[in-house]
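Take a look at the structure below.
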Amino acid sequence: NAHGGVTQFGYPISNFELQDERIVQYFQRARFEWHPEHARGERVELTDLGSRYFRVHSEAPGRLLNNGDIPQTILSLHASVFTEEAVKGLEGEQTIYVLVKDQSRQAVPSAQVTFTVQLPTGVQQTLKAKDLTDGTGMVAIRFTYKSDKPGIVLIRVEAVYDSYKTHTRTFFRVR
């Protein structure tokens, strides 16, 4: 229901079927495809029936809009954060990667990302990524750290685009 549910897509009108080497299911107003190669939570996609219709009926490709002609309306942000290494020494360098997407799981370029690093001692350091997210919604930051004791280094992330903001976090262990 978070994505429209019955109101938007209607009820199923077919069982699962194998078409074009994909598992698909038809609904009253949609067709969904299973993509096992995608990340968990992103494996079901709405079929692009418009482009498919153009191909099947040999319509003039010039009549299709380029994806760049369709404005991206951002209504909310979602961020994912990853560390380069899960376990590090008491001092060294670490790289953090952040991926920012919108409500449709489309990359959000030009988002500003800020990181707050909290060492096991409680000491905090706030870092702003020098670059904005790129065309894939990705930005990375490499930083040095030194901890006097082993434990968890908590990384809090804030991504901002226009008036939208999202937070996430990750950690790595130092020993």
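Quick note: the coordinates plus some simple rules give every number you see, no bench work behind them. Since the structure is predicted, the reported quantities are computational estimates derived from the model, not experimental observations. Backbone-built Cβ (ideal geometry, glycine too); neighbour counts: all protein chains shown.
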### Query
Using alpha carbons only, what's the Rg to Rh ratio of the chain with Rh from Kirkwood?
1.10
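Within the range 79-130, list the trypsin sites (Lys or Arg not before Pro) lying in a DSSP loop whose Cβ has at most 16 other Cβ atoms in a 10 Å radius. Can you show the working numbers first?
Values: sites: 88, 101, 105, 128, 130; in loops: 105, 130.
Passing both the DSSP loop test and the Cβ count: 105, 130.
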### Query
Leaving out same-chain residues fewer than 8 places away, which lysines sit with a Cα under 22 Å from that of residue 101?
128, 130, 165
### Message
Run lengths n ≥ 4 of DSSP H only: what is the helix-derived mean residue ellipticity at 222 nm for the chain, with -39500 (n - 2.57) per run over all residues, to the nearest 500?
### Response
-2000 deg cm²/dmol
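Of all DSSP beta bridges in the range 77-174, what percent run antiparallel (nearest 5)? Working shown, then result.
Details: 40 of 42 bridges.
Roughly 95 percent of the DSSP beta bridges within the range 77-174 come out antiparallel.
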### Summary
Each label sits 7 Å from Cα toward the beta-carbon; between residue 56 and residue 80 the label points are separated, in nm, by 3.1 nm
### Message
Give me the extension gain from residue 33 to residue 18: residue separation times 0.36 nm, minus the current Cα-Cα distance, reported in nm with one decimal.
### Response
4.4 nm
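DSSP loop GluC sites (Glu not before Pro) in the range 7-108 with at most 16 other Cβ atoms within 10 Å of their Cβ, which ones?
Values: sites: 17, 21, 33, 37, 42, 45, 59, 84, 85, 91, 93; in loops: 21, 37, 42, 59, 84, 85.
Qualifying residues, ordered by number: 21, 37, 42, 59, 84, 85.
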